[in-house]
1. Need one number: nm distance between label points at Ala128 and Thr102, each 7 Å from Cα along Cα→Cβ, rounded to one decimal.
2. Only helical DSSP H runs with n ≥ 4 go in: add -39500 (n - 2.57) per run for the chain, normalise by residue count and round the 222 nm mean residue ellipticity to 500 deg cm²/dmol.
3. Among Leu273, Leu315, Leu119, whose mean-square fluctuation peaks in a Gaussian network model of the chain (Cα, cutoff 10 Å)?
4. Within segment 99-136, which GluC sites (Glu not before Pro) sit in a loop by DSSP and count at most 11 neighbouring Cβ atoms inside 10 Å?
5. Of all accessible surface on segment 220-355 at a 1.4 Å probe, what whole percent is carbon and sulfur?
6. Would you work out the charge dipole size for segment 160-259 about its Cα centre, treating the Cβ of every Lys and Arg as +1 and the Cβ of every Asp and Glu as -1, and quote it to the nearest 20 debye?
7. What are the semi-axes of the equivalent ellipsoid for segment 166-304, taken as the square roots of 5 times the Cα gyration tensor eigenvalues, largest first, in whole Å?
8. Springs between alpha-carbon atoms under 10 Å, Gaussian network over the chain: tell me which of Ala31, Ala237, Ala179 tops the mean-square fluctuations.
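The values are calculated or read from the model by the stated rules, or taken from the named source; none is laboratory data. Everything numeric here is computed off the predicted structure, so don't read it as measured data. Cβ sites come from the backbone with ideal geometry, for glycine too, and all protein chains shown count toward neighbours. Note: areas computed on protein heavy atoms with side chains; ligands, DNA, RNA excluded. Shrake-Rupley method; radii C 1.70, N 1.55, O 1.52, S 1.80 Å.
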Amino acid sequence: MDFDLDETHAEVRALAASVLDREADQARIEAHERGGRPYDAGAWKALAQAGLLGVCLPPEAGGAGLGPLAMAVILREAGARVAPVPALPGLIAALTVAAHGTDAQRRALAPFAEGDEVLTVAFREAGAGTGDPPAAIAENGRITGRPGVVPYAAEASAVLVPARSADGTALFLVRPADARLLPASTAAGEPAAAVVLEDAPGEMVGEPDGAAVAALRLNTLAAVTAAASGVLAGALALTKGHIAARRQFDRVLAEFQAVTMQIADVYIAARALDVAMWTGVWRLGEGLPAERDLAVAAHTAAGDAVRALYTCQHLHGGIGLDVAYPLHRYFGLGKHLAHLLGGERAQLDLIGALI
């Protein structure tokens, strides 16, 4: 099986790597953290100006129509650099609206593609599994419920929220100004808020037949596992560099057999996640059934990938926990992504339900 990207997607990956190498290097990330802003607006605008925020959207939305595979390529590169930009929730929301929204809703994605707006999504309600129906209720275009902790909720122009109505399950665009936002913290340090909707106006995306909600769930699995794949790849590269340079007992760490075996386990976990993620994302992009493949990828991202990040921490010794050393960002973001998926057990239950 050939897992290489085609020429177009390889060019997207090279472009994303080039922009993020420049806009999200460690010095730039440290400066952003000292500044206390919710995200790096300069890096966000640079991604947009390179066409990377719109490349996966259809032409009528101002994009190139490259779909979920391009989204995964971009998010994997962003994860590999722990870039402080709202690309994950934004691309999930934009891709879902582009596929199920009205012509007017698709045209309204233009400010997002240009980097002038942030979009976000309510991934999962508190205590609910990724396949559970939403508890939020929609009635006459008004939404009531608690759709969960939402990243960049205060910064976004709209939040994509699943809700049940008398006609079925649908997605709604809700303006943050119409919601009550309770600030919340995440393992990744990104801004977030628990969203409380009390008869808030919502604009329906798609039909109340559950199709848009199902698409949102698959786009979320694809996006989160792609970002997790990048996080583990970045942590692996950092750890390989450390054990190749760090000396103990007059030998570099990489010469010790126990260290070699542990970094090999990290490599195997990274490859397993890559294979599962690319398989699922490719099937999603081709319109083939992708739920099982993405569930396997999500299980790996929430389980083996997190354990591999612990191994990276172990191989670094105490320096891995130092906030002046970049590994802690990979560890925090990897744990955060596993939380978004509901954890390893939740994904195992999902796989069991699909078999």
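1. 2.5
2. Result for the chain, helices only: -17000 deg cm²/dmol.
3. Leu315
4. Loop-located and lightly packed - none at all.
5. 60
6. Charge dipole of segment 160-259: 720 debye, to the nearest 20.
7. The three semi-axes for segment 166-304 are 41, 21, 9 Å.
8. Checking each option, the largest mean-square fluctuation is seen for Ala31.
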